[in-house]
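First the structure, in the form of structure tokens, and then the observations on it.
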Amino acid sequence: MATTISQFLGIRDHIPQCRDRLRSSQDFQTLEQDFENALAAVSPTVSPTVSPTVSPADQPAPTVADQDPARDRPPVPAPIPPGVYSALVERVLERLSSLMDVDIGEGVLGKIWSGDPALQDYGDPQDYPPEEELLVPLVDHAIETAYYPVIEPIWQSLSLGTLEFEISLELLLEGVILTVQGGKILEARLGSCVASGSLRWGALIILAKESEAIEFPGTVQFAQPLPLKPQDAPQASDAAKN
């Protein structure tokens with residue numbers, strides 16, 4: 001039973017496919033090339049010199065600086081071995097999956113319902129005394145939400161750049177009844193929920209799910225009662241380092 005956004009989209013179960021799709025895109029290949037250029041710019045280079053007219057005996061004695069010209073240079077990233085990009089992308093996707101372990105019942109539906117202007121009147125203690133438990137039926141409705149997690153993969157202190165993903169979710173809900181008391185949502189009973197969603201990086205669709213039913217238990221109980229007040233839509237961002 002899918003209860004989180006990550007589980008519904010199947011991010012963790014499709015990491016190899018997502019990795020290959022991401023790395024095969026032209027935009028990501030450009031990103032890799034930019035990273036290679038940035039790496040080359042900070043890496044030391046040695047230009048060979050030839051002096052055929054000067055014999056070894058005529059050469060000045062080497063100094064410490066001559067023997068080790070990079071002695072005082074700050075450390076620079078080593079060249080990227082084969083396979084590292086794939087490993088980096090897999091770690092990005094694993095981190096993305098963890099970020100999107102957002103419970104659909106409480107973390108999405110509950111937060112949106114608690115901020116719904118149409119329900120704010122139930123938080124008025126003059127009209128609805130705190131000791132009264134209310135059953136509030138909702139008309140069949142759709143909920144759309146989006147998340148924009150940002151992850152920054154790092155290779156030996158050098159950033160590959162920030163990767164901003166878009167995760168969209170649409171939920172079609174029927175037969176919802178909320179239990180409200182003291183201006184807070186205590187639980188929700190759902191008749192049915194059909195969901196669609198996608199994971200994108202720029203214009204690239206990495207994963208997509210279409211019209212799949214999500215089975216909730218008969219009653220979704222919130223760990224903490226949700227106050228009826230306007231709230232911002234949930235967001236997710238993070239920096240993942242190698």
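Okay, here's what the table says:
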read-out	value
In segment 102-126, residue farthest from the chain's Cα centre (by Cα) [restricted to those that are free of Cβ contacts under 8 Å to residues at least 24 places away in the same chain and assigned to a helix (DSSP H, G or I)]	121
Any hit, segment 13-20, residues being at pLDDT 85 or above, in contact with a Phe, Trp or Tyr (Cβ under 7 Å, 6 or more places away or on another chain) and among the aliphatic types (A, V, I, L, M)	no
Scan of segment 215-230 for residues that are out of contact with any Gly (no Cβ under 7 Å at 6 or more places or on another chain) and crowded, with 18+ Cβ neighbours inside 10 Å, ordered by number	225
Matching residues, segment 197-242, being at negative phi, modelled with pLDDT of 85 or more and under 14 Å from the mean Cα position of the chain (by Cα)	198, 199, 200, 201, 206, 207
Qualifying position, being out of contact with any strand residue (DSSP E or B) (no Cβ under 8 Å at 6 or more places or on another chain), in contact (Cβ under 8 Å) with a residue 40 or more places away in the chain and hydrophobic (A, V, I, L, M, F, W, C), among 201, 155	155
Test: residue 143 is touching a strand residue (DSSP E or B) at 6+ places or on another chain (Cβ under 6 Å) and surrounded by 12 or more Cβ atoms within 10 Å (Cβ to Cβ)	yes
Restricting segment 127-153 to residues that are within 27 Å of the chain's Cα centre (by Cα) and of a type in the set (Asp, Glu), the residue that is farthest from residue 193 (Cα to Cα)	152
Flag if residue 89 is at pLDDT below 90 and buried (at least 17 other Cβ atoms within 10 Å of the Cβ)	yes
For residue 129: the one exception among (1) modelled with pLDDT of 95 or more; (2) outside any strand (DSSP E or B); (3) of a type outside the set (A, V, I, L, M, F, W, C)	(1)
Every residue from segment 158-167 that is touching a residue at least 60 places away in the same chain (Cβ under 8 Å) and within 11 Å of residue 96 (Cα to Cα)	163, 165, 167
Pairs, first closer than 13 Å to residue 22 by Cα in segment 87-101, second aliphatic (A, V, I, L, M) and assigned to a helix (DSSP H, G or I), C-beta under 6 Å, six or more apart	89/22; 90/15; 93/15
Unmet criterion (only one of (1) surrounded by fewer than 17 Cβ atoms within 10 Å (Cβ to Cβ); (2) hydroxyl-bearing (Ser, Thr, Tyr); (3) modelled with pLDDT of 90 or more) for residue 159	(3)
Extreme residue, modelled with the highest pLDDT, among residues of segment 21-38 that are in a helix (DSSP H, G or I) and exposed (fewer than 15 other Cβ atoms within 10 Å of the Cβ)	26
Enumeration of residues in segment 161-194 that are touching a Lys or Arg at 6+ places or on another chain (Cβ under 9 Å), more than 14 Å from residue 135 (Cβ to Cβ) and small (Gly, Ala, Ser)	168, 183
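The values are calculated or read from the model by the stated rules, or taken from the named source; none is laboratory data. Computed from a predicted model, the values in this text were never measured in an experiment. Backbone-built Cβ (ideal geometry, glycine too); neighbour counts: all protein chains shown.
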